[in-house]
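Every read-out reported here was derived from the displayed coordinates using simple, explicitly stated rules and does not represent laboratory data. Treat the numbers as computed from the prediction; the structure is a model and nothing was measured. Cβ sites come from the backbone with ideal geometry, for glycine too, and all protein chains shown count toward neighbours.
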């Protein structure tokens, strides 16, 4: 219930931003059009945002026969977490990374890049997938995926701002070029701030729950270190073209995005690893758990 309330508030905020930008670009007529478009977009995003994001990254659903170990890891973790088996997707991308999507646990999907499966050990892959299933279990995926879709749309609207603004200062655009320039600056910033607000705290919580699901915080800690080191050395072209989706990933896929600052979609990897290692030291017994794949 809390996450549905949060999602409703988020959609209202995003709609407000969309309407303000429409007003700045086209006055009352632009505001009305933007409101109607935003309402339609909210409805569409609620039911289809997961499909949009998966298609955006060229993710391909894989069966157990196609990826037996990866599928087995996800199945074992889902059983431990008490979740329905999510759909499993693979992205042909050399950057190691992963995300989860879906409007609820019954319609969830987890996606990993080919780079992640090649670079990480089975234990580390389990840590990453447990983190993603933690987002599913906490019902974060609806809010995160809808935000990515609508924030991306706001960014696209702002990109048209200069074109429409430069057409002149008439009654359809009372602020003319000044309004268009302001829209281009304010809209992506406002949408980005909303993204950041919903993402950073949730990553810490997903790390904690994910460590409990997989059984050993050290697996996730090791995975985060490897992914962080490689993610910013190996470009992710799809993410660079769609920065509004960056908060979906376990590690920010954009170059130079790992610092723990106001304008980062993720906490610093160092802080996350430190928390996980502290959790590992406090675990009873301190021994590694048997992997969920066998």
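Odds and ends about this structure:
- FRET efficiency, 1/(1 + (r/R0)^6) with R0 30 Å, evaluated for residue 238 and residue 5 via beta carbons: 0.45
- With the simple model of a label 7 Å out from the Cα in the direction of the Cβ, residue 204 to residue 274 spans 1.1 nm.
- Cα-only Debye scattering, the range 81-145: base-10 log of I(q)/I(0) at q = 0.13, 0.23 Å⁻¹: -0.32, -0.92
- Computed from the C-beta positions of residue 64 and residue 35 and an R0 of 45 Å, the FRET efficiency is 0.45 to the nearest 0.05.
- Packing-based ranking, highest mean first, of 65-78, 117-130 given that Cβ atoms within 10 Å are counted: 117-130, 65-78
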